[in-house]
Structures are given as structure tokens and as C-alpha cells.
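The values are calculated or read from the model by the stated rules, or taken from the named source; none is laboratory data. Just so it is clear, the structure is predicted and the values come from calculations on it, not from any experiment. Positions of Cβ are backbone-derived with ideal geometry, glycine not excepted, and every protein chain shown enters the neighbour counts. These area figures cover heavy atoms from the full protein model, side chains too; ligands, DNA and RNA do not enter into them. Shrake-Rupley method; radii C 1.70, N 1.55, O 1.52, S 1.80 Å.
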Amino acid sequence: MKQLLLLFLIGFSIVALSQNRKTEVFKGVLVCDSLKVERATITNTTLETNTISDDLGFFSIYAREGDTIVISSVTFDTERFVLK
């Protein structure tokens, strides 16, 4: 029984640590036709996090390479892209 528990804990640790990729803060500003896009929603669908741009269009969100980012706003079309 102790050996089975030990194997489970080792296996769980390996799986948990192997999926840990470096996440960084992604900062940007939303601009359309030289106008700042305020109060747009920026969503990282991979990490399931979101944020809202400020009055000047600036935002920051946690992301990593390969994450899918969706930007949506009431006044503009929704855009989806993958970070490279």
C-alpha cells in the first residue's frame, strides 16, 4: 500500500511539473485607425483569464507563446490571434 501511494505521488509530481510553462505579462495598446480602443475585453482562452483595456487602450494580461487571445468590443469586430 505504501509503495502504491509513493508511486502515485511521484507520478502526480512529474505530470504537474511537466505542464508548467513560463507565463509572462503581455502588455499592449489597442488602436484602430489611430484611435485608442477603450473598454475592450481581452481574453486569454488558453489560460481562461481576461482583462479590460483602460481609457487610453492600454492593457496587460498573463500569457505565453501559443496562447489564443480574443479581443472583443461593442463598437469593433471581435479579433482572435495566437501569440508567437
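When region 27-55 is examined, which residues are found to be β-branched (Val, Ile, Thr), surrounded by 15 or more Cβ atoms within 10 Å (Cβ to Cβ), part of a strand (DSSP E or B) and touching a Leu at 6+ places or on another chain (Cβ under 9 Å)?
42
Report every pair of residues separated by at least 6 positions or lying on different chains whose Cβ atoms are under 7 Å apart, first residue within region 56-82 and in contact (Cβ under 8 Å) with a residue 24 or more places away in the chain and open to solvent by 100 Å² or more (accessible area, probe 1.4 Å), second basic (Lys, Arg) and not in a loop (DSSP other than H, G, I, E, B).
Pairs found: 56/36.
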